[in-house]
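Heads up: the structure comes next, in structure tokens.
All of the numbers you see were taken from the coordinates with simple rules; none came from a lab. Values in this document were obtained by computation on a predicted structure and should not be read as measured data. All Cβ positions, glycine included, derive from the backbone under ideal geometry; neighbour counts span all protein chains shown.
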Amino acid sequence: MIDAIASVIGLVVPPAFDFIRKKFLKPKADTPEATLSTLATTKPEKMGEYITSLAELLKAKTSYFNRDVIGEPSKWIIDLRASIRPNFVYIAMITRIIGIAMGWHFDEGYKAMMDMCCTSWFSSRWFKI
């Protein structure tokens with residue numbers, strides 16, 4: 001029973017959350033584009049300074065995000081990072097299939113975690129809203 005509940009939660013919750021967020025929550029009105037639009041109509045001479053400050057902010061955010069990476073990471077590191085979630089899903093599916101076929105008795109929490117991992121991955125791939 002817990003397996004079915006976990007599977008339904010994993011399939012339904014991520015797309016439902018995205019749907020609610022997109023349909024009912026208003027996007028922020030304070031965007032760089034809105035500010036540039038306001039500056040263009042009120043003070044066009046300040047647009048250059050604003051764009052320069054936005055570029056500096058983006059550089060600062062990028063350097064903070066990449067603070068632990070020196071230089072360009074190697075290709076195998078990039079591939080390893082990209083493969084973590086799909087490989088975890090494959091391992092969870094294979095473990096469940098082999099476990100069911102061989103009659104293994106998993107802990108309920110472990111089964112629920114595997115089911116939610118697989119179904120949330122599938123729902124994020126198949127049920128785009």
*Calculate, in nm to one decimal, what HIS105 and ALA60 gain on full extension: separation in residues at 0.36 nm each, minus their alpha carbon distance.*
11.1 nm
*For all pairs of alpha-carbon atoms in segment 2-126, what percent lies in each bin of width 5 Å, listed from the first bin to the last filled one?*
2, 8, 10, 11, 10, 10, 13, 11, 8, 6, 4, 3, 1, 1, 0
*Taking LYS28 as the anchor, which lysines have their alpha carbon closer than 21 Å to its alpha carbon, excluding any fewer than eight residues away along the same chain?*
LYS61
*Once phi is turned into θ = phi - 60°, what whole-Hz ³J(HN,Hα) does the Karplus curve with 6.51, -1.76 and 1.60 give for every residue of segment 22-31, x standing for Gly and Pro?*
6, 8, 10, 8, 6, x, 5, 8, 8, 10
*Distance (nanometres) between label positions extended 7 Å along Cα→Cβ at GLU49 and ASP30*: 1.9 nm
*List the lysines whose Cα lies under 22 Å from the Cα of LYS23, skipping any in the same chain that are fewer than 8 positions away.*
LYS128
_Pair THR41, ILE94: separation of 7 Å Cα→Cβ label points (nm)_ = 5.9 nm
*Expressed as an acute angle from 0 to 90° and rounded to the nearest 10, what is the orientation of the C-alpha long axis of helix 108-126 relative to the principal long axis of the chain?*
50 degrees
